[in-house]
Amino acid sequence: MNMTLPQLRSVPKIDLHRHLDCSMRWSTVTEIAQTLGMDLEIPPALSRDSFLVTEPMKNLESVLKKFLQTQKVLASEEILTRLAYEACEDAFNDHVMMLELRYAPTFILDGHSQLTFEKIHQSFAKGIALAEKKWGMAVGLIGIIQRNKPLEEAQKVMNFLIDHQNEYVGVDLADNEDGFDPKPFAPLFQIARKAGLRVTIHSGESPSSFAGQWMLDSIEHLGAERIGHGVQSIYHPHVIEVLKAKGIPLEICPLSNWLTQAFPSFEDHPLKNLFEAGVLVTLNSDDPGIFGSTLTDDYDIAQKYHGFGPNEFKKINQIAFQNSFIPASKKKIWENVFT
């Protein structure tokens, strides 16, 4: 018998793949948009549709373009601190006990000349510190390099992350893979690894005949220790063997993969097949603010369409615990829960 949503919500969870800059509550979005004088459509349902992605879009690119609407709201240090605090609070209320939040400084900075990388980071750090203290969570920050930006901008972001390496747990390369070979970014990620930063790479998310090679390049040239999404590996047996041999987990986000049409339906999603093939899989929320979702929704999909139950959920959280970039000193208090 399937667990009810309240029962699923009570399952202790780890989320390794959640975009902080796409985790703002809808109620907060509308409040701040009005404060900033942004025109909201009437009736409210139209306004909601202009910000949120709750039904499948054409492809990943169309979803990413929609993110730009919410990006306009990220306009001040106070807003960013509130975003970080509320994102952690929402996760805690969903029984997420360990949380890795990632964001792209360049994404937030666009159109917000009053901000800087330093102001953005310190604002987020302030909100996270307040949440950790109140809710007793373990939270880590991952900095994102946008692959669709010039290498010069990527270099600036990486320099900032390395200068603040004790305040980040890892680095990531994200945004649409089509037309953006990961290999040119390899020197930057090699420097990051030497500085002690861990590496996760968005790869193999959307359908492409090149998805397998992109994943291999992310592992071999960028040093990926985890792959964000990686669900297209199901069509590339040699990639699956590499993932298994190297013990590289996939940060799988089933609801997101359906909304971006990585797979046409929940039944078609390869979560179960990858799990049964011995790939290290984890369940994650991706963009819960813009999707109007929680991590529990992804657990419900895993339960309804792939037969996951308490044993599978325990196993995927053990995998997430063992492969989290959060320092051992912070995650030690959760060892009795997940081992």
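So, in segment 113-146, how many residues would count as being within 25 Å of Ser203 (Cβ to Cβ) and modelled with pLDDT under 95?
Of the residues in that region, 0 qualify.
Among what's in segment 318-339 and is among the aromatic types (Phe, Trp, Tyr) and in a helix (DSSP H, G or I), pick the residue that is modelled with the highest pLDDT. Lay out the reasoning, then the answer.
The initial filter retains those residues of segment 318-339 that are among the aromatic types (Phe, Trp, Tyr), namely 321, 325, 334, 338.
Filter again for in a helix (DSSP H, G or I), leaving 321, 334, 338.
Working: Phe321: 96, Trp334: 72, Phe338: 48.
Out of the qualifying residues, it is Phe321.
Confirm whether Leu255 is in a loop (DSSP other than H, G, I, E, B), of a type outside the set (Gly, Ala, Ser) and in contact (Cβ under 8 Å) with a residue 40 or more places away in the chain. Break it down stepwise before answering.
On the way: in a loop (DSSP other than H, G, I, E, B): no; of a type outside the set (Gly, Ala, Ser): yes; in contact (Cβ under 8 Å) with a residue 40 or more places away in the chain: yes.
So Leu255 does not fit the description; no.
If I go through segment 187-228 residue by residue, how many of them are surrounded by fewer than 24 Cβ atoms within 10 Å (Cβ to Cβ), touching an Asp or Glu at 6+ places or on another chain (Cβ under 9 Å) and not in a helix (DSSP H, G or I)?
Summing the residues that are surrounded by fewer than 24 Cβ atoms within 10 Å (Cβ to Cβ), touching an Asp or Glu at 6+ places or on another chain (Cβ under 9 Å) and not in a helix (DSSP H, G or I) in segment 187-228 gives 5.
Given the criteria under 11 Å from Ala84 (Cα atoms) and either surrounded by fewer than 17 Cβ atoms within 10 Å (Cβ to Cβ) or free of Cβ contacts under 8 Å to residues at least 40 places away in the same chain (or both), does Leu141 qualify?
Values: under 11 Å from Ala84 (Cα atoms): yes; either surrounded by fewer than 17 Cβ atoms within 10 Å (Cβ to Cβ) or free of Cβ contacts under 8 Å to residues at least 40 places away in the same chain (or both): no.
For Leu141, the condition - under 11 Å from Ala84 (Cα atoms) and either surrounded by fewer than 17 Cβ atoms within 10 Å (Cβ to Cβ) or free of Cβ contacts under 8 Å to residues at least 40 places away in the same chain (or both) - is not met.
So Val231 ticks every box in (1) free of Cβ contacts under 8 Å to residues at least 40 places away in the same chain; (2) crowded, with 22+ Cβ neighbours inside 10 Å but one. Which box is left unticked?
The single condition Val231 does not satisfy is (1).
Sort through Glu225, Glu167, Glu220 and tell me the only one that's at pLDDT 95 or above, in contact with a Leu (Cβ under 9 Å, 6 or more places away or on another chain) and acidic (Asp, Glu).
On the way: Glu225 fails: in contact with a Leu (Cβ under 9 Å, 6 or more places away or on another chain); Glu220 fails: in contact with a Leu (Cβ under 9 Å, 6 or more places away or on another chain).
Checking each option against the conditions leaves just Glu167.
Checking Asp268 against (1) within 21 Å of Glu89 (Cα to Cα); (2) without any contact (Cβ under 8 Å) to a residue 40 or more places away in the chain, which test does it fail?
Against the list (1) within 21 Å of Glu89 (Cα to Cα); (2) without any contact (Cβ under 8 Å) to a residue 40 or more places away in the chain, Asp268 comes up short only on (1).
I'd like to check something: does segment 147-168 contain any residue that is under 19 Å from Ile248 (Cα atoms), in contact with a strand residue (DSSP E or B) (Cβ under 6 Å, 6 or more places away or on another chain) and crowded, with 21+ Cβ neighbours inside 10 Å? Lay out the reasoning, then the answer.
Pass one, segment 147-168, residues under 19 Å from Ile248 (Cα atoms): none.
Checking segment 147-168: not a single residue is under 19 Å from Ile248 (Cα atoms), in contact with a strand residue (DSSP E or B) (Cβ under 6 Å, 6 or more places away or on another chain) and crowded, with 21+ Cβ neighbours inside 10 Å.
The values are calculated or read from the model by the stated rules, or taken from the named source; none is laboratory data. If you're wondering where the values come from, they're calculated on a predicted model, not measured in any experiment. As a convention, Cβ positions derive from the backbone with ideal geometry for all residues, glycine included, and neighbour counts pool all protein chains shown.
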